[in-house]
Amino acid sequence: MAVPSGIRPPHPLDLKDAPVEGWKIFIQSWKNYAIITDMASRDNNYQKAMFLHCIGTAALKVFNTFSLPDDAQLEDIIKKFEAYILGETNETFERYKFNKRNQGEHESIDQFVTALKTLAATCNFCDCMKDSLLRDRLVTDVFIGDTRKRLLEQRKLTLSAAVDICRALEASKSQLKEMEPSVSQATESLNKVAFKVKGSRPEKSSFTKSTCKFCGGDHPFVKSKCPAYGRNCGNCGGRDHFAKVCKTKGPRTKRKTDNKVRNIEAESSTDSDSDSTSNWVKNVGTVPNSIKCKMLVKGKPLAFLIDTEASVIFSQRDMLHTL
């Protein structure tokens, strides 16, 4: 009988990483392959040749070390491999691996239980204790939060009941995660709302700008921003306003242009003048005609002004009375 098309033989036996588990998987795959291909209808030599062909190069080297007669049956070869692989099993070490196995962060409960059962198969646990040991490992090392508490609340917890509880909690956690928006989605939604609010109406400043009644200019309605704050009025002598917005009735004092003292009102926005004393300027006599001379600079005559003395002196008001 020809081998059905599309039916692949088992993968070669892996003797390097997990030989016991690899042997059990291989022999199970071989039995299924033998049924599908009707291997039992073939003679013994054909069956042995097909088995040794499927088992792989590494296992074939092990087979060559066996002392078997040429007419050995396929069952004899399988028993030899079982004795070789399972005989190398260290029960203490296999149980150590079983007890150290924890559920991974992204590992489902079904994957975790399957891994525990695979490890338990090489630990030589008796059938009456295997399920209880698997249940205990499930309770102590399940990864899902609050699951251990739910499992411990059950008075007579079986392995199947523990698996069902873990599956239900795992499913509910996944459903809640889909129902609740993620942090990035929530942040994006908030940003969109903030953008709409910001774009729908102009942002108002903390202080409204308007024409100031103290200085006549436009600036935020804050006392410290007004250039007239701390200044004296040139009209009435009052503080904190300029003469151009002074509300005092009567004619303003005319400024004289002769040689008498004149009051200079500084209407600047600088904040450096904190002294309430006004600055005064006085001309001492008539400014004489300027004295000039010519000098040669690089062969060219240039006119220069000779500075003989200061024609203007600056002083405070109190000092002028002593002059």
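Each row is one residue, and each column tells you yes or no for (1) among the hydroxyl-bearing types (Ser, Thr, Tyr); (2) within 55 Å of the chain's Cα centre (by Cα).
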site: 36; (1), (2): no, yes
site: 60; (1), (2): no, yes
site: 65; (1), (2): yes, no
site: 70; (1), (2): no, no
site: 73; (1), (2): no, no
- request: For the range 90-97, state whether one or more residues are within 30 Å of residue 173 (Cβ to Cβ) and not assigned by TED's automatic domain parsing to the domain that holds residue 166.
  value: yes
task: Would you please name the residue that is surrounded by the most Cβ atoms within 10 Å (Cβ to Cβ), looking only at residues in the range 219-237 that are among the basic types (Lys, Arg) and without any contact (Cβ under 8 Å) to a residue 24 or more places away in the chain?
output: 225
- prompt: What's the number of the condition residue 197 fails, among (1) modelled with pLDDT of 65 or more; (2) not in a loop (DSSP other than H, G, I, E, B)?
  reply: (1)
query: When you scan the range 1-54, how many residues do you find that are closer than 21 Å to residue 66 by Cβ, outside any loop (DSSP other than H, G, I, E, B) and either in contact with a Ser or Thr (Cβ under 6 Å, 6 or more places away or on another chain) or polar (S, T, N, Q) (or both)?
result: 4
- line: By residue number, the members of the range 95-114 that are closer than 17 Å to residue 22 by Cα and crowded, with 17+ Cβ neighbours inside 10 Å are 98
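Looking at the range 59-89, which of the residues that are of a type in the set (Gly, Ala, Ser) and surrounded by 13 or more Cβ atoms within 10 Å (Cβ to Cβ) is farthest from residue 122 (Cα to Cα)? Steps first, answer last, please.
Looking only at the range 59-89, we keep the residues that are of a type in the set (Gly, Ala, Ser), and these are 59, 67, 72, 83, 87.
Add one more test, that the residue is surrounded by 13 or more Cβ atoms within 10 Å (Cβ to Cβ), and what stays is 59, 72.
Working: 59: 20, 72: 28 Å.
Here the answer is 72.
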message: Residue under question is residue 31, and the condition is that it be in contact (Cβ under 8 Å) with a residue 12 or more places away in the chain and not hydrophobic (A, V, I, L, M, F, W, C); does it hold?
response: no
task: State whether one or more residues within the range 158-175 are of a type in the set (D, E, K, R), at pLDDT below 85 and either buried (at least 17 other Cβ atoms within 10 Å of the Cβ) or outside the structural domain of residue 24 (by TED's automatic domain parsing) (or both).
output: yes
- prompt: Which residues, taken from the range 53-91, are among the hydroxyl-bearing types (Ser, Thr, Tyr) and closer than 18 Å to residue 21 by Cβ?
  reply: 84, 89
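Wholly within the range 63-125, which helices (runs of 4 or more DSSP H) include no fewer than the required count, namely at least 2 residues that are modelled with pLDDT of 90 or more, among the β-branched types (Val, Ile, Thr) and out of contact with any helix residue (DSSP H, G or I) (no Cβ under 7 Å at 6 or more places or on another chain)? First the steps, then the outcome.
Details: elements: 74-87, 91-100, 109-120.
Here the list is empty.
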field: Which numbered condition residue 155 misses (of (1) over 25 Å from residue 19 (Cα atoms); (2) within 42 Å of the chain's Cα centre (by Cα); (3) exposed (fewer than 15 other Cβ atoms within 10 Å of the Cβ))
entry: (2)
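The values are calculated or read from the model by the stated rules, or taken from the named source; none is laboratory data. Nothing here was measured: the structure is a model prediction, and the numbers come from that model. All Cβ positions, even for glycine, are placed from backbone atoms using ideal geometry, and neighbour counts span all protein chains on display.
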